[in-house]
1. Contour minus end-to-end for Ile142 and Asn47, with contour as 0.36 nm per residue of separation and end-to-end as the Cα-Cα distance?
2. Using θ = phi - 60° and the Karplus relation 6.51 cos²θ - 1.76 cosθ + 1.60, list the HN-Hα couplings for region 66-74 in order, rounded to whole Hz, with x at every Gly or Pro.
3. Under 27 Å from the Cα of Lys45, which lysines turn up, not counting those fewer than eight places away in the same chain?
4. Could you grab the relative contact order for region 16-63? Cα pairs under 8 Å, six or more apart, rounded to a whole percent.
5. Roughly how many Å² of Asp144 are accessible to a 1.4 Å probe, to the nearest 10?
6. Please report the carbon-and-sulfur percent of the accessible area for the chain; probe 1.4 Å, protein heavy atoms only, DNA, RNA and ligands left out.
7. Using a probe radius of 1.4 Å on heavy atoms only, what accessible surface per residue do you get for the chain? Whole Å² is fine.
8. When only alpha-carbon atoms count, how far does region 8-149 stretch along each of its three principal axes, as whole angstroms with the largest first?
Amino acid sequence: MSELIFERLLQTMNWYVLRSKPHKEFPLYEQVVAREIECFFPRVKANPVNPRAAAVRPYFPSYLFVKADLDELGTNTFTWMPYAQGLVCFDGQPAEVPQTIIIRLQNLIQEINAQGGLKPQRFKRGDRVRVKDGPFEGYEGIFDSQLSGTNRVRVLLKLLSDRQMPVEMNTNQITNQQR
């Protein structure tokens with residue numbers, strides 16, 4: 001009988017995305033753990049240039065993942081929790097995250113941390129770059145930004161009539177342009 005209850009409990013537990021108030025991911029994580037709710041808070045080692053900067057940073061700023069039975073806890077648990085802004089919802093329904101994605105993210109975070117964490121940014125806004133791989137290979141552009149929590153960047157490519165178009169691509173696809 002207890003195995004049946006345990007199996008049913010596992011079936012109703014799902015992963016959800018919990019949004020924190022800006023820069024409050026760490027205290028929100030402590031709140032979730034204090035309530036004995038399973039939580040995955042992706043953090044990566046950072047190699048900041050400034051020695052006073054954080055050595056560990058959220059991989060997804062303002063977001064954590066929680067595993068819960070919303071029929072039992074309700075969404076208000078996460079809406080009214082200190083430092084929280086509630087669960088991410090679509091059409092009023094909390095968005096479920098498949099277990100496979102959580103496992104992949106956990107493996108990715110372990111891999112990044114095993115390699116020494118996030119590396120300092122190679123490019124600065126305004127740097128001239130050349131695309132060395134992919135469908136835009138050979139095009140020149142201007143580095144715009146590193147996308148938060150990813151190995152992707154936004155580059156303003158010169159395409160038609162010298163107009164610049166923002167394009168997102170993998171960091172490894174660009175290189176500094178020789179002047």
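The values are calculated or read from the model by the stated rules, or taken from the named source; none is laboratory data. Bear in mind that the values here come from a model prediction, so they are computed numbers and not experimental data. Here the Cβ is made from the backbone with ideal geometry for all residues, glycine too, and neighbour counts use every protein chain on show. Calculation scope for accessible area: heavy atoms of the full protein, side chains included, ligands and nucleic acids excluded. Shrake-Rupley method; radii C 1.70, N 1.55, O 1.52, S 1.80 Å.
1. Working: separation 95, 0.36 × 95 = 34.20 nm, distance 2.48 nm.
Contour length minus the Cα-Cα distance gives 31.7 nm.
2. 10, 10, 8, 9, 5, 5, 8, 7, x
3. In chain and number order, the partners are Lys21, Lys24, Lys67, Lys119, Lys124.
4. On the way: 45 pairs, mean separation 21.9, N = 48.
In percent, rounded to a whole number, it is 46.
5. Only protein atoms counted, so the area is about 20 Å².
6. On the way: 6040 of 12040 Å².
C and S atoms contribute 50 percent here.
7. With the other protein chains kept in place, the chain gives 67 Å² per residue.
8. Its Cα atoms span 55, 38, 27 Å along the three principal axes.
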